[in-house]
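Written below as structure tokens is the structure these notes are about.
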Amino acid sequence: MNGYELKQKAHSGGIVYGTMLSMSRNPRWTGPMSGFGLDYVIMDSEHSPRGRSEMADFIAAFSFSGVVPIVRIPIPDSHYVTMALDAGAHGILAPYCETVEEVKEVVAAAKWRPLKGAMVRNVMDTGEFPSQATKEYLEERNRNSVCIVGIESVAAIENLDNILSVGGIDAIFVGPNDLTITLGIPDQYDHPDYEAALREIIRICQKHNVPNLFHHQTVELTTKWLKEGVRFVLYSSDARTMHNGFRDEFGQIKAVGAELEGTEVEDVGESDEVI
């Protein structure tokens with residue numbers, strides 16, 4: 001699958017599956033990941049200290065995996081968009097967008113690279129290109145480019161209708177930790193206000209025919225919102241799923257060991273990663 005195919009499937013009502021990469025850096029990880037049944041991965045550079053060159057090497061390895069590489073850039077800025085796409089990413093996730101101006105800058109860089117400056121601002125404002133040939137050239141050059149916009153605050157939800165009036169947005173991302181903090185209910189993912197906010201995002205996005213990614217960390221929350229209309233599934237992270245796998249499987253082994261020793265099993269607890 002490539003970026004174009006991922007967009008087509010999500011926009012036609014199909015379900016796509018992915019995870020966030022917060023810790024993996026070595027390109028050799030792309031081999032095992034290609035066997036996990038994922039459609040895409042989001043490589044984090046907002047909260048994870050990845051350098052530009054190592055990100056480029058990791059993305060290059062994904063080119064042979066069949067898994068679509070998308071980069072979460074540090075801030076909604078055209079410079080970071082083009083860095084990720086120039087490195088070979090098939091898309092970007094721009095975090096914490098709240099204004100139409102921020103979104104226009106991100107979309108312009110993701111969809112009309114390498115057009116810049118006054119010319120690309122005119123494209124975003126009026127839809128006018130230097131020529132039809134230029135438009136067709138840029139459409140083909142950016143065919144695989146997936147543009148995901150982060151809606152992670154009360155202000156962003158209030159402005160979402162206007163934000164989605166900007167063409168070229170392929171999906172809306174929600175970071176539950178950030179959103180619940182701005183709602184005044186940190187990490188309360190079963191709170192009525194949080195659930196109401198997500199349903200409002202789904203409602204507005206469905207009006208504009210734009211799919212959602214809600215980045216939840218449990219199977220229960222992910223499947224709950226899948227049933228409520230999410231079709232761009234973003235579940236957990238590499239660090240958290242590795243933690244859970246070791247916890248569950250070694251927990252079973254240690255339970256037998258504790259029984260043989262006559263001791264209690266020590267639970268390592270939930271992952272404390274926030275991303």
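The values are calculated or read from the model by the stated rules, or taken from the named source; none is laboratory data. Quick caveat: nothing in here was measured; it's all calculated off a predicted structure. Using ideal geometry, Cβ is built from the backbone for each residue, glycine included, and neighbour counts are taken over all protein chains shown. SASA here: full protein model, heavy atoms, side chains in, ligands and nucleic acids out. Shrake-Rupley method; radii C 1.70, N 1.55, O 1.52, S 1.80 Å.
Okay, here's what the table says:
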| item | result |
| --- | --- |
| Burial order of peptide ranges 116-123, 153-160 (average beta-carbon count within 10 Å, highest first) | 153-160, 116-123 |
| Around GLY251: net Lys/Arg minus Asp/Glu count, Cβ-Cβ under 10 Å | -2 |
| Label corresponding to log10 I(q)/I(0) by the Debye sum over Cα atoms at q = 0.08, 0.11, 0.12 Å⁻¹ when calculated from the structure given, among [x] -0.29, -0.56, -0.68; [y] -0.50, -0.82, -0.90; [z] -0.35, -0.63, -0.74 | [z] |
| Per-peptide average of other Cβ atoms within 10 Å, ordering 191-199, 233-241 highest first | 233-241, 191-199 |
| Size of electric dipole in region 162-238: Cβ of Lys, Arg +1 and of Asp, Glu -1, about Cα centre, debye, nearest 20 | 380 debye |
| Taking N as its residue count, the alpha carbon Rg of region 96-204 over 2.2 N^0.38 Å | 1.25 |
| Region 141-262: equivalent-ellipsoid semi-axes (sqrt of 5 x gyration tensor eigenvalues, Cα, Å) | 35, 18, 11 |
| Average accessible surface area per residue within the chain, 1.4 Å rolling probe, Å² | 49 Å² |
| Spacing of the two label points (7 Å from each Cα toward its C-beta) at THR223 and ILE185, in nm | 2.3 nm |
| LYS116-PHE246 pseudo-label distance in nm [points 7 Å out on the Cα-to-Cβ vector] | 4.4 nm |
| Using alpha-carbon coordinates, inclination of helix 192-207 to the longest axis of the chain, degrees | 40 degrees |
| Tilt relative to the chain, helix 132-141 - C-alpha long axis, 0 to 90 degrees, to 10 | 10 degrees |
| Förster-model FRET efficiency, 45 Å R0, ARG143 and ASP267, C-beta, rounded to 0.05 | 0.40 |
| Spacing of the two label points (7 Å from each Cα toward its C-beta) at ILE75 and ASN209, in nm | 3.5 nm |
